[in-house]
Amino acid sequence: MTSEQVATKQDVKADVSPPTYLPTEVVSDGQLIYENLVELELTEDWLMKKLKKQNIKSVEDVYFAQVQTNGSLYISLKDKARQSSP
């Protein structure tokens, strides 16, 4: 009879440190969610710099933005912002 043991996170050398952030919404339908920025200890300036790096000029062009667990920013644009002008 064989006895099996379940591998632990330590056995497989998995990262067990907690994430830097919980995924948190910071823009909803073009509106900044200030309370969530404050809770994450981030600023509007930080957000605008992230948007400018993606050539996004205004929060109003963003449909949804979320700070990810590693501190990066996921951005989904509104449809009109995705369309290029002729």
- [ ] Output the residues belonging to segment 9-59 that are in contact (Cβ under 8 Å) with a residue 12 or more places away in the chain, part of a loop (DSSP other than H, G, I, E, B) and open to solvent by 100 Å² or more (accessible area, probe 1.4 Å).
- [x] Thr20, Leu22, Gln54
TODO: Collect the residues in segment 4-28 that are at pLDDT below 80 and farther than 15 Å from Gly71 by Cα, keeping them in residue-number order.
DONE: Glu4, Gln5, Ala7, Thr8, Lys9, Gln10, Asp11, Val12, Lys13, Ala14, Asp15, Val16
TODO: Kindly provide the set of residues from segment 75-86 that are surrounded by 12 or more Cβ atoms within 10 Å (Cβ to Cβ) and in a helix (DSSP H, G or I), ordered by number.
DONE: Ala81
Open item on the list: Suppose we filter segment 60-74 for residues that are under 26 Å from Ser17 (Cβ atoms) and not in a loop (DSSP other than H, G, I, E, B); how many remain?
Closed with: 5
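The values are calculated or read from the model by the stated rules, or taken from the named source; none is laboratory data. Not measured: the values here are computed from a predicted model. Note that each Cβ is placed from the backbone with ideal geometry, even for glycine, and that neighbours are counted across all protein chains shown. What goes into the accessible areas is simple: the full protein's heavy atoms, side chains included, and nothing from ligands, DNA or RNA. Shrake-Rupley method; radii C 1.70, N 1.55, O 1.52, S 1.80 Å.
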